[in-house]
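Notes to accompany the following structure.
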Amino acid sequence: MRMCMGCRSRAPKGQLVRLVYFEAGGWRVDLHEVLQGRAFYVHAAADCWARFERGQRRKAPLNVGLEGLCEQIGQQRQSDSQGARRARAVGQP
C-alpha cells in the first residue's frame with residue numbers, strides 16, 4: 001500500500017503512478033519502478049494530479065501532463081504485450 005500525494009488516500013501500488021524527483025530535471029514518471037531517487041505516488045486522476053502539482057514543496061515542473069501519462073502507459077502496455085507474445089513464440093514461460 002502506498003499513499004497518493006494528491007488525495008492522501010492509501011491504495012495498492014499498482015493503482016498509482018510513481019514519480020521520481022531529479023534536481024536537474026524535475027519530476028519524471030517511472031512506469032517500470034527502476035529509477036533511483038526520491039519517489040512519490042499519485043493516482044492517474046486529474047484531481048489528484050492537480051493537487052500534487054499545487055502542493056509539492058519543490059516547485060519543479062512535471063515533465064508530463066495527465067494526457068501524456070496516459071499515452072506513455074498505453075505505449076508501455078503495448079510493448080509489454082508484444083514482448084510476452086514473442087516470449088511465448090520462442091517457448092519461454
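The values are calculated or read from the model by the stated rules, or taken from the named source; none is laboratory data. Because the structure is a prediction, the values reported are computed rather than measured. Please note: Cβ atoms are built from the backbone with ideal geometry, for glycine as well, and neighbour counts cover all protein chains shown.
Just one of the listed residues (Cys70, Cys48) is at pLDDT 85 or above and either in contact with a His (Cβ under 9 Å, 6 or more places away or on another chain) or not in a loop (DSSP other than H, G, I, E, B) (or both), and it is Cys48. Check region 7-18 and report whether any residue there is closer than 17 Å to Gly68 by Cβ and not in a strand (DSSP E or B). Scanning region 7-18 turns up no residue that is closer than 17 Å to Gly68 by Cβ and not in a strand (DSSP E or B). Look at region 27-49: where a residue is surrounded by fewer than 19 Cβ atoms within 10 Å (Cβ to Cβ) and a partner is of a type in the set (Gly, Ala, Ser) and in a strand (DSSP E or B), sitting 6+ places away or on another chain with Cβ atoms under 9 Å, you get Asp30/Ala39; Glu33/Ala39.
I'd like the full set of residues that are touching a Lys or Arg at 6+ places or on another chain (Cβ under 6 Å) and either at pLDDT 90 or above or charged (D, E, K, R) (or both), limited to region 3-20. Spell out how you get there, then give the answer.
Step one: of region 3-20, the residues touching a Lys or Arg at 6+ places or on another chain (Cβ under 6 Å) are 3, 6, 13, 16, 20.
Once the filter is applied, which keeps residues that are touching a Lys or Arg at 6+ places or on another chain (Cβ under 6 Å) and either at pLDDT 90 or above or charged (D, E, K, R) (or both), region 3-20 yields Met3, Gly6, Lys13, Leu16.
How many of the residues making up region 14-24 are of a type outside the set (Asp, Glu) and loosely packed, with under 11 Cβ neighbours inside 10 Å? Reasoning before the result, please.
At the first step, the residues of region 14-24 found to be of a type outside the set (Asp, Glu) are 14-22, 24.
Checking which are loosely packed, with under 11 Cβ neighbours inside 10 Å leaves us with 14, 24.
The qualifying residues number 2.
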